[in-house]
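Colleague: Structure incoming, see below.
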Amino acid sequence: MTDDVDRNRRHFLAVATAVTGLAGIGAASIPFFSSLKPSARAQALGAPVEVPIGSLEPGEMIRVMWRGRVVFVVRRDEVMLQNLPLTRDFLADPDSEVIEQQPAYAANETRSVRPEYLVIEGSCTHLGCAPLPEFEVGPDALLEFGGFFCPCHGSKFDLAGRVYKGVPAPTNLRVPPHRFVRDDLIMIGIDSGAA
Ligand code: FES
């Protein structure tokens with residue numbers, strides 16, 4: 001796993017892992033796939049991915065790959081958590097009633113196992129573009145209470161990945177199965193019965 005720091009926005013840190021998913025692997029890639037070491041092959045097949053979060057500061061975000069999909073891990077700070085209830089009236093599904101979009105243990109206001117940590121797939125539920133983190137808050141900010149903005153057709157999501165009303169995206173961003181192995185380590189791809 002390699003990390004690539006992206007600092008092109010104010011309050012987050014983006015880290016990409018080199019875990020490769022099956023998406024995009026065609027027949028011509030089979031010899032390459034066969035040559036992968038067992039651990040890499042398992043990861044490509046969709047094995048769980050460990051995500052160290054010990055160095056993630058409040059207000060920062062990392063990106064990781066799981067099953068060929070980008071997953072955002074955000075460590076929400078106090079302001080972010082305080083803002084979550086304020087978006088409610090603007091949201092299409094504030095109570096996560098579309099059950100396919102998250103495991104049952106994340107069908108809560110923060111859509112998370114632990115309120116401080118948001119784990120969501122970075123794929124817009126309209127046509128799959130990558131939403132951009134917009135963590136700046138205030139009346140002059142793109143999203144007054146912070147969240148994610150999809151540049152393709154303007155869909156907006158709050159800091160729990162809940163979709164705003166009146167945008168093209170039909171549902172909240174998806175929460176993948178995940179659990180906390182330790183306070184400083186998340187496993188994505190394994191369901192969580194407890195934090
Ligand atoms: S793909 Fe995100 S708004 Fe269309």
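Colleague: Quick check on the stretch 117-134. Is at least one of its residues touching a strand residue (DSSP E or B) at 6+ places or on another chain (Cβ under 7 Å), more than 13 Å from the ligand (Cβ to nearest atom) and open to solvent by 60 Å² or more (accessible area, probe 1.4 Å)?
Modeller: No - not one qualifying residue is present in the stretch 117-134.
Colleague: Suppose we filter the stretch 150-165 for residues that are over 16 Å from Val70 (Cβ atoms) and away from the ligand (no atom under 12 Å from the Cβ); how many remain?
Modeller: Number satisfying all stated conditions: 5.
Colleague: OK, next. Looking for something within 16 Å of the ligand (Cβ to nearest atom), within 27 Å of Gly54 (Cα to Cα) and open to solvent by less than 10 Å² (accessible area, probe 1.4 Å) - is there at least one such residue anywhere in the stretch 175-186?
Modeller: no
The values are calculated or read from the model by the stated rules, or taken from the named source; none is laboratory data. Keep in mind the model is a prediction, meaning the values are calculated, not measured. Every residue, glycine among them, receives a Cβ derived from its backbone with ideal geometry; neighbour counts consider all protein chains shown. Just the protein is used for accessible areas: all its heavy atoms, side chains included, with ligands, DNA and RNA removed. Shrake-Rupley method; radii C 1.70, N 1.55, O 1.52, S 1.80 Å.
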